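Since the structure comes first, as structure tokens, the remarks are kept for the end.
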Amino acid sequence: MSVLSLTGVSRWYGNVVAVNDVTFEVGPGITGLLGPNGAGKTTLLHMMAGFLAPSAGEVRLDATPTWRHPGIYRQIGFVPERDAAYTFLTARQFVLASARLSGVADAGPAADRAIDMVGLRDAADRAIGGYSKGMRQRAKVAAALVHDPPTLILDEPFNGMDPRQRLSMMGLLQAMAADGRTILFSSHILEEVERLSDQVLVVVAGRLAASGDFRRIRRLMTDRPHRFTLRSSDDRRLARELLAAPEVEAVEL
């Protein structure tokens with residue numbers, strides 16, 4: 001069982017701070033990384049997967065730093081948000097290449113197993129360029145799973161998937177988590193994270209804003225005031241009725 005840990009991690013690009021002094025730990029099970037677009041989720045995941053160096057702080061998988069330790073790549077499966085395959089390749093060729101790059105002894109059978117796991121057997125010999133977005137996502141997941149890593153990191157893995165594909169992928173991740181794998185995925189959609197995650201990490205503007213199970217995150221979000229704009233033919237009457245409700249803190253006309 002693997003544990004990913006970040007200690008005081010920051011990443012900046014010139015004067016732009018993408019990740020700012022983040023510390024947390026991710027263990028076996030499914031952890032959701034929730035935040036709006038541009039919050040720093042992708043930068044965090046790239047550092048955790050060992051593809052990007054922190055500007056400050058340290059990322060470790062168990063006792064080993066993820067940066068500049070190539071052996072870590074055999075312990076982590078990474079699914080990037082952007083497409084990561086030549087479109088002229090078939091899914092089978094893409095996953096087979098990933099198996100060989102990871103040093104898998106029986107690359108062919110391993111590729112077939114990974115393709116079956118994501119439900120692409122019937123389309124495995126078609127060029128990826130002709131796939132739908134959801135099918136390309138599944139091909140990337142197969143490539144990340146082909147070397148049977150104990151840790152899986154996925155950046156917005158459900159983008160482009162239809163409801164049936166999404167449910168199937170969630171079931172696959174849950175089954176792998178039940179086997180003791182450490183799984184971290186990012187999303188900007190609360191319902192996806194809530195449905196799948198044992199633990200939730202919320203990132204806003206490059207900082208860790210909250211962490212805990214989804215019930216705690218829901219409470220934190222509910223406790224914050226919300227602002228609504230309403231139109232009415234009688235604004236003053238509407239304002240009086242709203243102010244009579246205990247949930248309303250203020251009304252502006």
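Bear in mind that the values in this text are calculations on the coordinates, not laboratory data. Since the model is a prediction, treat every value here as computed from it, not as a measurement. Glycine gets a Cβ as well: all are built from the backbone with ideal geometry, and neighbour counts include every protein chain shown.
Can you tally the net charge around ASN159? Count Lys and Arg as +1, Asp and Glu as -1, for every other residue whose Cβ sits under 11 Å from the Cβ of ASN159.
Summing Lys/Arg as +1 and Asp/Glu as -1 gives 0.
Can you sort MET1, MET169 so the residue with the fewest Cβ neighbours within 10 Å comes first?
Starting with the residue having the fewest Cβ neighbours, the order is MET1, MET169.
Want the number for ASN37 to GLU249: 0.36 nm per residue separation, take away the alpha-carbon distance, what's left?
On the way: separation 212, 0.36 × 212 = 76.32 nm, distance 2.95 nm.
That pair, ASN37 and GLU249, stretches by 73.4 nm at full extension.
Project the alpha carbons of the chain onto their principal axes and report the range along each, largest first, in whole Å.
Answer, in whole Å and largest first: 73, 42, 37 Å.
When a/c is below 1.5 the answer is rounded, else prolate if a/b is larger than b/c, else oblate, so apply that to segment 17-87 with a ≥ b ≥ c taken from the square roots of the Cα gyration tensor eigenvalues.
Rounded, because the longest to shortest axis ratio a/c is under 1.5.
Using a basic spin-label model with each label point 7 Å from the Cα along Cα→Cβ, how many nm lie between ALA209 and SER232?
The two pseudo-label positions are separated by 2.9 nm.
Below 14 angstrom from the Cβ of GLU25, what's the summed charge of the other residues (Lys, Arg +1; Asp, Glu -1)?
My count for the surroundings of GLU25 gives -2.
Determine, from the Cβ-Cβ distance of ASP198 and SER168 and an R0 of 22 Å, the FRET efficiency 1/(1 + (r/R0)^6), rounded to the nearest 0.05.
0.65
Sort SER233, SER168 so that the residue with the fewest other Cβ atoms within 10 Å of its own Cβ comes first and the one with the most comes last.
Lowest to highest Cβ neighbour count: SER233, SER168.
List THR64, THR31 from most exposed to least, where exposure is judged by having the fewest other Cβ atoms within 10 Å.
THR64, THR31
Test of understanding: what is the full-extension gain from SER55 to ASP179, defined as 0.36 nm times their sequence separation minus their Cα-Cα distance?
Working: separation 124, 0.36 × 124 = 44.64 nm, distance 3.42 nm.
Length gained, SER55 through ASP179: 41.2 nm.
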